[in-house]
Amino acid sequence: MIEIKDLHKSYKMGNNKLHVLKGLNFSIAEGELVAIMGSSGSGKSTLLNILGMLDELDEGSYTLDGVPIKNLNETKAAQYRNKFLGFVFQSFNLINYKSAMENVALPLYYQKVPRKEREEKALKYLGQVGLKEWADHLPNELSGGQKQRVAIARAMAAEPKVLLADEPTGALDSKTSYEVMDLIQKINDNGNTILVVTHEEDIAHMCKRIVHLKDGVIVEDKMVEQVRAEQYV
Amino acid sequence: MFNKDRWKEILEVLTSNWFRTILTAFGVFWGIFILIILLSAGKGLENGIMQDFGDIATNTMFMWSRTTTKTYKGLPKGRSFLFKTDDVQAIRDKVPNLRFISPRNQLGGFNGANNVVRGLKTGAYNVYGDYPEIIKQDPMTITSGRFLNYNDINEKRKIAIIGEGVKDGLYNRGEEVVGSYIKIQGVNFMVVGTYKKKSNDGDGEEGQKEIFVPFTSFSQAFNRGNDVGWMAITANDGTSITSIKDKIMSVVKENRKVHPDDQRAVGHFDLYEQFQRVQSLFGALRFIAYFVGILVLLSGVIGVSNIMLIVVKERTKEIGIRRALGEDPWSIKLQILMESIFLTIISGMAGITLGAMVIYAINSLLDMNGPVDMFANPSVSLSVVIGALAILIVSGLLAGFIPAQSAIKVRPIDALRTE
Ligand SMILES: Nc1ncnc2c1ncn2[C@@H]1O[C@H](COP(=O)(O)OP(=O)(O)OP(=O)(O)O)[C@@H](O)[C@H]1O
Ligand SMILES: [Mg+2]
């Protein structure tokens, strides 16, 4: 599903060049649930942004579902993001003047799905994250955990091939974190490919594979026994 | 492009900060309001002054003889002379592109002695000896009977067409006018028609107190021989009388043995020139109205642009999210442009509406209090309103352009970076 070869990325900071990713190689098959770990500044978000086509790589290649991702113009990148990818962010990033349902329906709107169908689908996904009754509420009327669940519903609404989550539980307490992880596990159970960036060991062990980044290189890449989040909820 | 969601979003954005939206809208509103009011005031002035010109054919000059100031061909200077009927023919032969040449003679005048009698009633009126064409140069409406024709001229008939004002002075109410006789300086004329003129002087009463008789009968009855008092000359459309008046005057000078360089011997009044002068004044007024109006509007537009930039800045994060979720950058650009155009048009429409209401109020005030000198019926034409709308759409586009451009420059990754 995801194929990365010799990926380099550096940022220019005035005269200095900050080499963040120094030749990453890995591939992720369909249906995997991968945790990306590493200390702060190790390049986790940078990697995820490149995978999410929000940023461009300097060197190497990236293939997503057999499609080589390179030299995309903004319109094309927007289309690919919409079709292939779902995003979940640490700070939720909901649009605060739109209701939960409208937020979930947004990616479908950009796909030009008709209004009725859009709303039905949005409600369906809100139902799956257990927030059907909150459909008409604005984000600031929701708790952090609820917001993140809306964000997950939104990421899933366009039925993407890959779900990218950058510290989805970073702003939540442990109980709410487990609820969110439970949701992510269930989505993964349905066969979706998911990447989760996290700092926390326990969250990482709720995935099936852990990739460890340090100073821009992969220092460890191992399969783990998945801990189900359900039991803590 | 014009779907419901797009509009919903535009309204959400614009109504999320009412106070700011209204302040912004006010700039455009005020600009277009000023533009409309200035244009309509200019139009009112134009209407008022044009009313003073009345229906008169404006491509016309009047020409009369004075005294010579140069000796010529043995004739002394200081000689008075009159035009003759053969001058008319000479002009007709030698000057092309003339539509009407009306030689005229006149009796009476302002505050003259009573010169017209009917039974026991008398009055002082202007009496003109005229050709039938005069009705096309100085238009009047025949209210009963008929006007002069060439049979009257050829047969030197003693007939007269009198103004409604003359009728009021010489006849009792309900009396039959056509077919009756009036005595002009002792000569009997049969009245064959009455007329009414649109005013070309203040109240227009003087214009209704005129009597028209055939030129030939006039000359015979009042012993004018071949004399011509003055002439009203109208050029064809497409040729201005101003451009050929020198030629006309040199023809009559030659015919009357006046030195060609004698500028004072022939007096004239060029209506066309006056008319053009007034017209160009209105052109200048219109220009000023557009200039001032559009400048005011421009500052409003800059205000809109400014606010849209702030809106884009405030929504940077939202734009980043939307782009991460896969919205086409063009769609975002369109959104910003439409917000800007919508705001501009709505506030502009409000300005046009208020302008129209003020104009309407002024018009009804004018109607109630009677006419005012040099000002009548201020109005803006539909084409001006359509023009104003076009200006608004263009302004909205211009106002939205820079903000829209800056909106699509937002990189989702920069917008989403968490602090
Ligand atoms: N746009 C940028 N310009 C310059 N430097 C950047 C930019 N984005 C990231 N960096 C730098 O790249 C390095 C890696 O950043 P990144 O955000 O990928 O770290 P991270 O692993 O996600 O850390 P954290 O766990 O704190 O989120 C950091 O040193 C950061 O300062
Ligand atoms: Mg990070």
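Take B:R417 and tell me if it is over 30 Å from B:I294 (Cα atoms), touching a residue at least 60 places away in the same chain (Cβ under 8 Å), within 14 Å of chain A (Cβ to nearest Cβ) and surrounded by fewer than 20 Cβ atoms within 10 Å (Cβ to Cβ). In short, no. Having 2 or more residues that are over 30 Å from A:F89 (Cβ atoms) and within 27 Å of the chain's Cα centre (by Cα) is the bar; report the helices (runs of 4 or more DSSP H) wholly within the stretch B:294-411 that clear it. Counting at least 2 such residues, we get B:329-369, B:382-408. For the stretch B:208-261, give me the residue count where each residue is open to solvent by less than 40 Å² (accessible area, probe 1.4 Å) and of a type outside the set (S, T, Y). Total satisfying the criteria: 26. For the stretch B:221-231, the criterion of being in contact (Cβ under 8 Å) with a residue 60 or more places away in the chain, assigned to a strand (DSSP E or B) and touching a Pro at 6+ places or on another chain (Cβ under 7 Å) is satisfied by at least one residue. Residue pairs whose Cβ atoms lie under 8 Å apart, sitting 6 or more positions apart in sequence or on different chains, and linking a residue in the stretch A:157-184 that is in contact (Cβ under 8 Å) with a residue 24 or more places away in the chain and open to solvent by 20 Å² or more (accessible area, probe 1.4 Å) to a partner that is within 16 Å of ligand 2 (Cβ to nearest atom) and assigned to a strand (DSSP E or B), are A:D166/A:F87; A:D166/A:V88; A:D166/A:V197; A:E167/A:V197. The test for being at pLDDT 90 or above and either closer than 29 Å to B:L82 by Cα or of a type in the set (G, A, S) (or both) holds for B:N154. Within the stretch A:106-117, the set of residues being of a type outside the set (S, T, N, Q) and at the interface with chain B (Cβ under 9 Å from one of its Cβ atoms) comprises A:L106, A:P107, A:Y109, A:Y110, A:R115.
Checking every residue in the stretch A:164-173 against the condition of being in contact with a Cys (Cβ under 8 Å, 6 or more places away or on another chain), more than 13 Å from chain B (Cβ to nearest Cβ) and within 16 Å of ligand 2 (Cβ to nearest atom) gives zero matches.
Quick check on the stretch A:67-85. Is at least one of its residues in contact (Cβ under 8 Å) with a residue 24 or more places away in the chain and either within 15 Å of ligand 1 (Cβ to nearest atom) or over 17 Å from the mean Cα position of the chain (by Cα) (or both)? No, because not a single residue in the stretch A:67-85 is in contact (Cβ under 8 Å) with a residue 24 or more places away in the chain and either within 15 Å of ligand 1 (Cβ to nearest atom) or over 17 Å from the mean Cα position of the chain (by Cα) (or both).
Given the residues B:G320, B:G355, which is the only one that is farther than 30 Å from A:K83 by Cα and either within 14 Å of chain A (Cβ to nearest Cβ) or in contact with a helix residue (DSSP H, G or I) (Cβ under 9 Å, 6 or more places away or on another chain) (or both)?
Working: B:G320 fails: farther than 30 Å from A:K83 by Cα.
The match here is B:G355.
Residue-level check: of (1) within 16 Å of ligand 1 (Cβ to nearest atom); (2) farther than 16 Å from A:E167 by Cα; (3) surrounded by fewer than 20 Cβ atoms within 10 Å (Cβ to Cβ), A:M53 misses just (3). Checking the structure you have, find out if any residue of the stretch B:49-69 is among the polar types (S, T, N, Q), surrounded by fewer than 18 Cβ atoms within 10 Å (Cβ to Cβ), modelled with pLDDT of 85 or more and farther than 30 Å from B:L295 by Cα. Checking the stretch B:49-69: at least one residue is among the polar types (S, T, N, Q), surrounded by fewer than 18 Cβ atoms within 10 Å (Cβ to Cβ), modelled with pLDDT of 85 or more and farther than 30 Å from B:L295 by Cα.
From B:R99, B:R79, which residue is touching a residue at least 12 places away in the same chain (Cβ under 8 Å), touching a strand residue (DSSP E or B) at 6+ places or on another chain (Cβ under 6 Å) and of a type in the set (K, R)? Can you show your working first?
Values: B:R79 fails: touching a strand residue (DSSP E or B) at 6+ places or on another chain (Cβ under 6 Å).
Unique residue meeting the criteria: B:R99.
Condition test on B:S40, is it closer than 30 Å to B:T344 by Cα and of a type in the set (S, T, N, Q)?
Numbers: closer than 30 Å to B:T344 by Cα: yes; of a type in the set (S, T, N, Q): yes.
Yes, satisfied.
Taking the stretch A:46-82 as the range and being within 16 Å of ligand 2 (Cβ to nearest atom) and modelled with pLDDT under 90 as the test, the residues that pass are A:L54, A:D55. For the stretch A:86-105, a tally of residues being touching a residue at least 60 places away in the same chain (Cβ under 8 Å) and either facing chain B (nearest Cβ under 7 Å) or open to solvent by 20 Å² or more (accessible area, probe 1.4 Å) (or both) returns 6. Close Cβ contacts (under 7 Å, 6 or more residues apart or on different chains) running from residues in the stretch B:348-360 that are closer than 10 Å to B:W30 by Cα and touching a residue at least 40 places away in the same chain (Cβ under 8 Å) to residues that are outside any helix (DSSP H, G or I) and open to solvent by less than 50 Å² (accessible area, probe 1.4 Å) are absent.
The values are calculated or read from the model by the stated rules, or taken from the named source; none is laboratory data. All figures in this text were calculated on a predicted structure; none of them were measured in a lab. Note that we place each Cβ from the backbone using ideal geometry, even for glycine, and neighbour counts take in every protein chain shown. These accessible areas exclude ligands, DNA and RNA; they are computed on the full protein's heavy atoms, side chains included. Shrake-Rupley method; radii C 1.70, N 1.55, O 1.52, S 1.80 Å.
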